[in-house]
Amino acid sequence: MILGALLLASALALAPQHETPNEPAVAVSPAAETTATPAESKGPAATESHAEGSTGEAHAGGDEGHGGPSEILMHHVTDQAEYHPFGLPIVFPGKHLFFMLVVMAVVIVAARLAIASYKDGAPRGIGSAVEVMVVYVRDEMAEKSIGHGEGEKYTPLLLSFFFFILFAALFGLLPFTATSTGNLSVTFALAFISFVAQQYAGISNYGVVGHFKNLVPHGLPAPLLLVMIPIEILGMFTKPFALMIRLFANMLAGHMMLTALLMLVALSYPVSAALGIVMIPISIGMALFIMCLEILVAFIQAYVFTLFSAIFIGMYAHPSH
Amino acid sequence: MPNLTAPLVLAGGLTDINWTLSFFTIVLFTLFVLVLSKFAWGPLLKAIDEREKSIRDALEGSRKANAEAQETLAQHKELIRQIGAEREGIIKKASKEAEEFKADLMAKARAEGDDIVRRAKEQIARETSVALAKLREEVVDLAVLGAAKIVTSSMTPEAQKKLVSEFVDTLPQVKN
């Protein structure tokens, strides 16, 4: 991780040189020099294969001649229409789509490994870790929020939400990868599925008419209905909307912070070489802190999205609560 | 070399929704959920349920066994208490019997002893009366003899007879 950070830092530091090619290449620090020099000698293509997710993009941005800090930052967190996984000569329709599929595969493999670890009805290793979370989602979220017995029906969906969001966030922390849940289109899709599940919960329990009648609490005076009906209909959509924005913003913010902190070196170096060198430990230290925070955030966001989905499903399944 | 032809638009790229990506995400995630439910969460939840059930059953079984053991223990305690009471009863009865037997024996012995003494006394009395009768006869004979001697030497036969009969009258009357 530190190597990746150094690579990014060095590449970012070198980025402005493309705009002023007459200046001699100055290494930011001895550490950066050793990592950056061979990469430079092999050319941008070699750098691509080393650090696609971050460094390569930064370099490519530099190559195209508009590698400003904000652009690099944006490039890091936004999707790409044509993505070359790990610098391979394969075009994939989208960075986030690619990593979404990877994460889905990882989740499926992890779940299968968890099942495989069951010996005599008790899990070992990864199975124990997965089981703790599975049992938590089932008992504390599905059963408690949706209702005993009924929660069972939604447990697989909630588990899929939880593990997908968790693994996507954790996987995105690895070098050269991306967090697909940091894309609004992806969180929109997840929130849409949550929305469908919420409406399904209401409709399957009360029928279409009953479900929409349940939106407004019974026995309200008629004038209040004029206010309550639009509010509740709005509420139907704001619930998944909040899920969508919350997940997106949390996933995005961490990565933006990470990129911005790692760019500190590159941004301060042109001001003064000494400032650039001083920035290296600060930049990496803060980035490391954010990295650790991101691990926490990964769990929190997976928990929050799943819990709120469960609560909303429960709200529509049992409107009296 | 990555071909970064995608336009890098600030801010716009961040909050724009790529509907194609959203659509594929929905499709993929639905498939993901279906696959996981069938091949992962289903078996996993089943395994967890089964284990929980087995643990519950085991707990229930142990609770039941414990209750049974408690019951058996109570029964045994009751049994021991009963046996103790019975033993006490037996001992009490036995000692009472022994006491009775002893008392009986003593009474019998005393009665026998009394009988023996009574019989001995009776015999003594009988012997005594026989001896007295004999002695009286002897005394009469001796007295007659003595009197005869005296009378023959100093008295007439009339005077002798009168004297003897007077003497005999003064003697106490003997029964038998």
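The values are calculated or read from the model by the stated rules, or taken from the named source; none is laboratory data. These numbers were taken from a predicted model, which means no experiment stands behind them. With ideal geometry, Cβ positions are generated from the backbone for all residues, glycine too; neighbour counts draw on all protein chains shown. These area figures cover heavy atoms from the full protein model, side chains too; ligands, DNA and RNA do not enter into them. Shrake-Rupley method; radii C 1.70, N 1.55, O 1.52, S 1.80 Å.
Taking residue A:200, is it within 14 Å of chain B (Cβ to nearest Cβ) and over 30 Å from residue A:253 (Cβ atoms)? So that I can check it myself, show each step before the final result.
Working: within 14 Å of chain B (Cβ to nearest Cβ): yes; over 30 Å from residue A:253 (Cβ atoms): yes.
Spelling it out, residue A:200 is indeed within 14 Å of chain B (Cβ to nearest Cβ) and over 30 Å from residue A:253 (Cβ atoms).
Checking residue A:179 against (1) modelled with pLDDT of 90 or more; (2) within 21 Å of the chain's Cα centre (by Cα); (3) of a type outside the set (A, V, I, L, M, F, W, C), which single condition isn't satisfied?
(1)
Within region A:161-173, does at least one residue satisfy the condition of being more than 7 Å from chain B (Cβ to nearest Cβ), in contact (Cβ under 8 Å) with a residue 24 or more places away in the chain, within 12 Å of the chain's Cα centre (by Cα) and not in a helix (DSSP H, G or I)?
The answer is yes; a qualifying residue exists.
Among the numbered criteria (1) open to solvent by less than 20 Å² (accessible area, probe 1.4 Å); (2) within 11 Å of chain B (Cβ to nearest Cβ), which single criterion is violated by residue A:157?
(1)
Checking residue A:80 against (1) modelled with pLDDT of 75 or more; (2) more than 22 Å from residue B:33 (Cα to Cα); (3) at the interface with another protein chain (Cβ under 9 Å from one of its Cβ atoms), which test does it fail?
Condition (1) is where residue A:80 drops out.
Could you list, in sequence order, the residues of region A:301-321 that are open to solvent by 50 Å² or more (accessible area, probe 1.4 Å) and either part of a helix (DSSP H, G or I) or modelled with pLDDT of 90 or more (or both)? Outline the logic, then answer.
Step one: filter region A:301-321 for residues open to solvent by 50 Å² or more (accessible area, probe 1.4 Å), giving A:303, A:308, A:311, A:315, A:320-321.
The answer is A:303, A:308, A:311, A:315.
If I go through region A:199-219 residue by residue, how many of them are surrounded by 13 or more Cβ atoms within 10 Å (Cβ to Cβ) and of a type in the set (A, V, I, L, M)?
Here the count works out to 4.
From the set of residues in region A:109-135 that are in a helix (DSSP H, G or I), among the hydrophobic types (A, V, I, L, M, F, W, C) and open to solvent by less than 50 Å² (accessible area, probe 1.4 Å), which is farthest from the other protein chains (Cβ to nearest Cβ)?
In the first step, residues of region A:109-135 are kept if they are in a helix (DSSP H, G or I); the result is A:109-116, A:126-135.
Next, from what is left, pick out any that are among the hydrophobic types (A, V, I, L, M, F, W, C): A:109-111, A:113-116, A:126, A:129-130, A:132-135.
Subset that is open to solvent by less than 50 Å² (accessible area, probe 1.4 Å): A:110-111, A:114-115, A:130, A:133-135.
Details: A:110: 9, A:111: 3, A:114: 6, A:115: 5, A:130: 7, A:133: 11, A:134: 6, A:135: 6 Å.
Step by step, filter region A:109-135, then rank; the result is A:133.
Out of region A:90-108, which residues are more than 9 Å from every other protein chain (Cβ to nearest Cβ) and more than 17 Å from residue A:180 (Cβ to Cβ)? Before you say what the answer is, go through the steps one by one.
Here is the first cut: in region A:90-108, the ones more than 9 Å from every other protein chain (Cβ to nearest Cβ) are A:90, A:92, A:95, A:98-99, A:102-103, A:105-106.
Listed by number, the list holds a single entry, A:90.
Criterion first (open to solvent by less than 20 Å² (accessible area, probe 1.4 Å), within 30 Å of residue A:211 (Cβ to Cβ), in a helix (DSSP H, G or I) and in contact (Cβ under 8 Å) with a residue 12 or more places away in the chain) does residue A:298 satisfy it?
On the way: open to solvent by less than 20 Å² (accessible area, probe 1.4 Å): yes; within 30 Å of residue A:211 (Cβ to Cβ): no; in a helix (DSSP H, G or I): yes; in contact (Cβ under 8 Å) with a residue 12 or more places away in the chain: yes.
Spelling it out, it is not the case that residue A:298 is open to solvent by less than 20 Å² (accessible area, probe 1.4 Å), within 30 Å of residue A:211 (Cβ to Cβ), in a helix (DSSP H, G or I) and in contact (Cβ under 8 Å) with a residue 12 or more places away in the chain.
Output the residue which, of all residues in region A:136-150 that are among the acidic types (Asp, Glu) and modelled with pLDDT of 85 or more, is most open to solvent (accessible area, probe 1.4 Å). Talk me through it step by step, then tell me what you get.
Restricting attention to region A:136-150, the residues satisfying the condition of being among the acidic types (Asp, Glu) are A:139-140, A:143, A:150.
Checking the rest, the ones that are also modelled with pLDDT of 85 or more come to A:139-140, A:143.
Working: A:139: 50, A:140: 71, A:143: 31 Å².
The residue in question is A:140.
Would you please name the residue that is surrounded by the fewest Cβ atoms within 10 Å (Cβ to Cβ), looking only at residues in region A:175-198 that are among the hydrophobic types (A, V, I, L, M, F, W, C) and not in a helix (DSSP H, G or I)? Working first, answer last.
So the first thing to find is which residues in region A:175-198 are among the hydrophobic types (A, V, I, L, M, F, W, C), and the list is A:176, A:178, A:184, A:186, A:188-193, A:195-197.
So of that shortlist, the ones also not in a helix (DSSP H, G or I) come out as A:176, A:178.
Values: A:176: 18, A:178: 29.
In this case the residue turns out to be A:176.
Check whether at least one residue in region A:237-247 is open to solvent by less than 70 Å² (accessible area, probe 1.4 Å), assigned to a helix (DSSP H, G or I), touching a Ser or Thr at 6+ places or on another chain (Cβ under 6 Å) and away from chain B (no Cβ under 14 Å), and report yes or no.
The answer is no, given that none of the residues of region A:237-247 is open to solvent by less than 70 Å² (accessible area, probe 1.4 Å), assigned to a helix (DSSP H, G or I), touching a Ser or Thr at 6+ places or on another chain (Cβ under 6 Å) and away from chain B (no Cβ under 14 Å).
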